[in-house]
Amino acid sequence: MTVIFLIAGAFLAVWLLETVYRRFWSNGLTVNVKFQSAPVFEGNTASLTETIENKSWLFMPVLQVGFRVDRNLKFPEDENAAVSDMLYERDVFSVMFYQKITRKIQFEAAKRGYYMINKVELMTKSLLADAEFHESAEVFTYLYVYPRMIGVDSLDVIFRKMMGEITAQRRLYEDPFAFRGLREYTPGDPLNKINWKASARAMNTLVNVHDSTESARCLFLLDIGDEGILRFEKVHEEGIRLAASLGAQMVDRQIPVGLLSNGTDQITGETIYLEPGSGQRQKNRLFESLARLKIEENPEPFHGLMRRYLPEITREHPLCVLITRNQRPELVEAAREITRTGASLLWIATVTRDIPWKLERAAGFEIIHWEVRG
């Protein structure tokens, strides 16, 4: 009889423990995952930190923490990772009572983008390991992966042409009230620029030199559309890198930079338009806009977008840098409309060897070929 009572008592004790564990296992348990705060560039290594804190008296011999992240974040390959459209990362811990565990995971940011984690899933087993208990927790963490920078030497020809256009614009739009100095007269200078007093003293014809009305401005026009049914995502990604790399060089030279694209913002779902600005903050805005840019299957035709934003594009006579793989006549005509307003335009054609390029030169602007390889 005593044996029966002992067995019954043991079963009752286990049942009570299982009942208590089932009900209270997640009480006092907090779990968080957090990306590093600093952005990274495409192809570099980043980190994510997992924090588990158990503020209760219950011991969890097995606690599995899982979360979904984009597959373009390459976590270490092991049996804990399941890959589909998303990567499901699973980590298993043994958590003592009143214990805090912190684990940092390194991964490769293989592709530019804006990546978020908004939920973690928790799973533990019963004390007898014959049942599983599940719960989820809301979190919010994000990581910016900026486009990979193209080497300065590779962009030398394009950059020189851009600076040449900007210099020409500065000379074209001068402020008659911002006197900078004198220079010798050259044929073609208007007579009202001659400084007669200075010319008489110098016994030579001198003309006034003025500063430009506004600082030069550069606006990148980034087209991620395709002419046919085939998608050229690799080509568009290279165009994004060109905009980021050239834009960074311009900002470093105190030239205000802006962006217009028919890609949509991953957060707002709106057309990406960044007003020209300068300084490190503007460079970060440019990188963030390009990181969030979604390459969609049927974006708004870029020639229509250019016409819709024509007043913003041409304000204060900027240099417009059109980056596209398209050759549509409508796009050429929209580019000509920009040059007719007094703005200058440089066309960068992102080309591949297997797609013939027919527009060798268009009236009013120069076309530079940028071959996309790989």
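The values are calculated or read from the model by the stated rules, or taken from the named source; none is laboratory data. Note that the structure is predicted; figures quoted are calculated from it, not measured. We place every Cβ from the backbone using ideal geometry, glycine too, and count neighbours over all the protein chains shown.
Remarks
- Residues in the stretch 255-314 that are of a type in the set (Ser, Thr, Tyr), under 26 Å from Met163 (Cβ atoms) and not in a helix (DSSP H, G or I): Ser261, Tyr273, Ser278, Tyr309.
- For the residues Leu274, Leu319, the requirement of being surrounded by 15 or more Cβ atoms within 10 Å (Cβ to Cβ) and touching a residue at least 60 places away in the same chain (Cβ under 8 Å) singles out Leu319.
- Residue list for the stretch 312-345, restricted to those being more than 16 Å from Ile240 (Cα to Cα) and among the aliphatic types (A, V, I, L, M): Ile313, Leu319, Leu331, Val332, Ala334, Ala335, Ile338, Ala343, Leu345
- Consider the stretch 322-338 and keep the residues that are of a type in the set (A, V, I, L, M) and part of a helix (DSSP H, G or I). The one that is surrounded by the fewest Cβ atoms within 10 Å (Cβ to Cβ) is Val332.
- Picking from residues in the stretch 285-337 that are closer than 19 Å to Arg217 by Cβ and polar (S, T, N, Q), the one that is modelled with the highest pLDDT is Ser289.
- Residue match in the stretch 339-362 (condition: out of contact with any strand residue (DSSP E or B) (no Cβ under 8 Å at 6 or more places or on another chain), surrounded by 20 or more Cβ atoms within 10 Å (Cβ to Cβ) and part of a helix (DSSP H, G or I)): no
- Being touching a residue at least 40 places away in the same chain (Cβ under 8 Å), in the same structural domain as Gly66 (by TED's automatic domain parsing) and over 25 Å from the mean Cα position of the chain (by Cα) is true of Glu135.
- Elements of type strands (runs of 3 or more DSSP E) contained in the stretch 87-201, each with 3 or more residues being at pLDDT 80 or above and out of contact with any Phe, Trp or Tyr (no Cβ under 9 Å at 6 or more places or on another chain): 99-109, 132-146
- Search result, residues across the stretch 231-254 that are out of contact with any Phe, Trp or Tyr (no Cβ under 8 Å at 6 or more places or on another chain), closer than 26 Å to Ile355 by Cβ and outside any loop (DSSP other than H, G, I, E, B): Glu233, Lys234, Val235, His236, Glu237, Gly239, Ile240, Arg241, Ser245
- Residue count for the stretch 352-374, restricted to those that are in contact (Cβ under 8 Å) with a residue 40 or more places away in the chain, within 12 Å of Ile323 (Cα to Cα) and among the β-branched types (Val, Ile, Thr): 1.
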